[in-house]
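Structure first, commentary second.
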Amino acid sequence: AYSSGDILGFLNSDDIYTQGALVRIGTDACAVTNDRIMLVYPVEDFGYCTPVTHLGLQNHSIYSLLAGLSYFHQPGVFWYRSVWVDAHGFDISYRYCFDRKFFMKALAYGARTAFFSGPALSKFRWHAESKSFQEASVGFGVEIDRLLRELGPGLVGSGLLKRQDLRTALALRRQIAMDLMRSRLLCR
């Protein structure tokens with residue numbers, strides 16, 4: 001909310017950008033002619049697990065995000081200020097899904113994605129004291145239910161999501177989120 005730049009991103013306090021990351025983002029952003037874009041880069045998970053690099057999956061849709069069939073790994077996503085303004089920024093009443101809600105709203109307001117390959121641009125740290133590690137199995141499930149309740153009817157009403165897809169997403173998303181958190185917790 002207090003930033004003044006044209007390209008925005010969010011980095012958790014225990015995560016890091018790799019060397020040269022900001023130059024890379026600036027260079028790539030200059031090559032993009034559309035300011036309705038989210039720039040998506042590879043992210044490496046490290047720390048309390050075997051390091052693994054997540055590439056941005058290019059099949060994002062509102063349904064795939066709701067259903068858990070895709071996700072944006074938040075420290076590797078950057079967006080233009082126009083996307084931030086249109087999607088109304090982060091909803092800080094969410095503890096876990098503020099970024100997911102923002103990305104879904106950005107897509108709903110017409111933002112597009114540009115995917116970049118190469119080495120990880122940022123690193124997401126897993127450690128025993130992080131909220132993602134300690135609280136995620138309960139917190140994500142609760143907030144995903146809330147997100148579906150808050151956004152689902154509007155997405156169906158606007159024609160961006162079919163009613164049957166919303167019902168399917170409700171069932172799939174919660175199961176996938178729990179499975180993902182369990183697998184990450186076993187990553188010790």
- Item | Qualifying residue in segment 13-27 (condition: of a type in the set (Ser, Thr, Tyr), modelled with pLDDT under 90, over 13 Å from the mean Cα position of the chain (by Cα) and part of a helix (DSSP H, G or I)) | no
- Query: Given (1) in contact with a Leu (Cβ under 7 Å, 6 or more places away or on another chain); (2) modelled with pLDDT of 80 or more, where does Ala169 come up short, assuming only one miss?
  - Reply: (2)
- Query: Just for segment 147-166: of the residues that are charged (D, E, K, R) and either under 16 Å from the mean Cα position of the chain (by Cα) or at pLDDT below 85 (or both), which one is surrounded by the most Cβ atoms within 10 Å (Cβ to Cβ)?
  - Reply: Asp165
- If you take the residues of segment 71-106 that are under 9 Å from the mean Cα position of the chain (by Cα) and not in a helix (DSSP H, G or I), which of them is surrounded by the fewest Cβ atoms within 10 Å (Cβ to Cβ)? Tyr71
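The values are calculated or read from the model by the stated rules, or taken from the named source; none is laboratory data. Note that the coordinates shown come from a computational prediction; the quantities given were computed from them, not determined experimentally. Glycine gets a Cβ as well: all are built from the backbone with ideal geometry, and neighbour counts include every protein chain shown.
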